[in-house]
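Here is the structure we will look at, set down as structure tokens.
Nothing in this text is a laboratory measurement; each read-out follows from the coordinates by a stated rule. These numbers were taken from a predicted model, which means no experiment stands behind them. In this analysis, Cβ positions are derived from the backbone assuming ideal geometry, glycine residues included, and neighbour counts consider all displayed protein chains.
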């Protein structure tokens, strides 16, 4: 059983309202957990990625766990290569050519979204929380101690998730069917149009046909039949940006953060923040409004109406050396 990263994003957004983060952050962190920390090969698929070498490198997908082999259009294994978390490089002699990368990777759903094993969800959430507060832990001793506890908890969750994993031999990996990584991305533009509400591009029969192809064993590879307009990781990044925009448009899942000196006006210890009418905030009680000084919550008198939030710093004392922010979660509708 798997969950999508959006589910983790929604859980965190409702709890950590003072933080600003998006779906791309959550996906990146979840894939770090799945690929770098847990590495549960039992849940992974064997993929065949066809990619063109540009400036001596190939951009790798987010969900790669282990590269098995790289070969050229004639089936010759490519030996001279280097790998980091984003690129397969050292391929200058293959400039402009299409290479094939076979790899073990985290499963994708029909939406091209990398998935998180349901049993790994808590580990991913804990890791995301650690990343959200990593900068504060460097300057705040109390947060540093909290982060130490989170790190220990995360290590325990990783150990628990790893229990019972079987070792995969080279023969066992070779026996797995291969899935074309490029195939689902051929429908990328139709899928984006569907999310944007352009129903003229929707063709469910085409989608079903492509999903059936995704599940087949690809023994014959058509090297020219790949999306040339953009590289796959860029396609995915654009798609995530669209999904993230849709999530942010859902008012019950979105938090707004305002910073003193950037938003609103400040005079005589009074900070006035104008509000967008679409936020539909009328009273303090109907929304979650929290004031932070250097990301530590402080208590200050707050008044709110449909047009603005007013915070009085007279009782807490304004310190120009601190960064003041206000987190606002509009009421659910």
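Could you order the peptides 309-320, 68-79 from most to least packed, using the average number of other C-beta atoms within 10 Å per residue?
Details: 309-320: 14.7, 68-79: 12.3.
Top to bottom by mean Cβ count within 10 Å: 309-320, 68-79.
Multiplying the sequence separation of residue 314 and residue 265 by 0.36 nm and subtracting their Cα-Cα distance, what value in nm do you get?
Numbers: separation 49, 0.36 × 49 = 17.64 nm, distance 1.54 nm.
Gain on extension, residue 314 to residue 265, equals 16.1 nm.
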